[in-house]
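One structure below.
The values are calculated or read from the model by the stated rules, or taken from the named source; none is laboratory data. Everything numeric here is computed off the predicted structure, so don't read it as measured data. Neighbour counts are summed over all protein chains in view; Cβ atoms, including those assigned to glycine, are modelled from backbone coordinates with ideal geometry. The protein model used for the area step is the full one, side chains on, heavy atoms only, and it has no ligands, DNA or RNA in it. Shrake-Rupley method; radii C 1.70, N 1.55, O 1.52, S 1.80 Å.
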Amino acid sequence: GPVVTVTLTIQAGAHLRYYHLQNWGRRADHTYTQTAQVDRDGHLLSLLATLGSRVTTASVETRLVGAGARSDLYGVAFGDADQRFEYHTLQDHVVGQTTSDLLYKSALEDRAVSRYTGLIRIAKTANKSDAYQVNRNLLLSPHAKADSIPMLEILTDDVRCTHGATVGPVDAEQTFYLTSRGVPTPVAEQMLVEGFFEQVLQKLPAAGLRERLHAHLQQKLARGVG
């Protein structure tokens with residue numbers, strides 16, 4: 001299957017937005033590796049969007065090597081049928097006064113499976129670092145499954161670090177609210193899934209990309225409605 005390797009180098013004071021939108025056919029097994037190094041006052045904003053393939057294995061690692069460096073790592077995945085997504089992320093704070101933010105969201109229907117493992121590593125020399133990591137999973141079927149393993153390796157005290165993970169079904173109250181007002185159940189589910197992803201899409205500065213992602217999501221949701 002397709003193997004994609006991306007190496008990003010963000011030099012001092014540079015800003016980079018990097019978007020990877022994957023919509024391979026269902027017979028493809030996709031392997032994706034992204035490594036980035038961010039130097040002093042550099043900023044990386046990265047999005048990994050996973051819609052296609054049969055199996056996706058993705059590794060996204062960022063090293064913050066200069067004071068003032070920042071990385072924002074965002075991910076959206078929508079799985080159906082028997083798709084399988086496996087993610088590994090690393091936010092590596094090598095020096096102090098660095099910032100990382102990570103938000104990965106996956107919605108899964110049918111028998112789709114997602115497995116997320118994320119590590120925040122803060123070196124002994126990385127005082128006053130700020131790291132945030134959240135993985136949220138929305139299960140649209142009783143047969144869908146998501147595992148989430150957030151990990152911390154913090155070797156200094158003077159840091160701010162937050163991580164969390166959730167796995168759960170569509171909010172029954174929200175669904176009831178919509179259906180009681182005449183919205184058909186599949187359409188209500190589509191609205192809730194789009195709302196679930198909106199938190200990530202709002203963070204993307206490129207409106208054209210947001211619209212493209214919305215179109216892909218609607219296309220895939222419409223398949224399920226049909």
Anything in the range 38-70 that is open to solvent by 50 Å² or more (accessible area, probe 1.4 Å) and more than 15 Å from the chain's Cα centre (by Cα)? List them, or say none.
39, 40, 41, 54, 63, 70
Cβ-Cβ below 9 Å, separation at least six or inter-chain, first residue in the range 143-169 and under 19 Å from residue 127 (Cα atoms), second open to solvent by 40 Å² or more (accessible area, probe 1.4 Å) and among the polar types (S, T, N, Q): which pairs?
155/125; 156/125; 156/127; 157/127; 158/127; 159/127
Determine, yes or no, whether residue 198 is open to solvent by 50 Å² or more (accessible area, probe 1.4 Å), closer than 23 Å to residue 89 by Cα, of a type outside the set (A, V, I, L, M) and assigned to a helix (DSSP H, G or I).
yes
Of the residues that make up the range 25-33, is at least one among the hydrophobic types (A, V, I, L, M, F, W, C) and at pLDDT 95 or above?
no
Of all residues making up the range 111-130, the number that are within 25 Å of residue 51 (Cβ to Cβ) and crowded, with 18+ Cβ neighbours inside 10 Å:
5
Evaluate the range 69-77: report whether one residue or more is among the aromatic types (Phe, Trp, Tyr) and within 20 Å of residue 120 (Cβ to Cβ).
yes
Residue 97 being touching a Leu at 6+ places or on another chain (Cβ under 7 Å) and among the polar types (S, T, N, Q):
no
Selection from the range 20-37 of residues that are crowded, with 18+ Cβ neighbours inside 10 Å and either touching a Gly at 6+ places or on another chain (Cβ under 7 Å) or farther than 17 Å from residue 90 by Cβ (or both)
22, 30
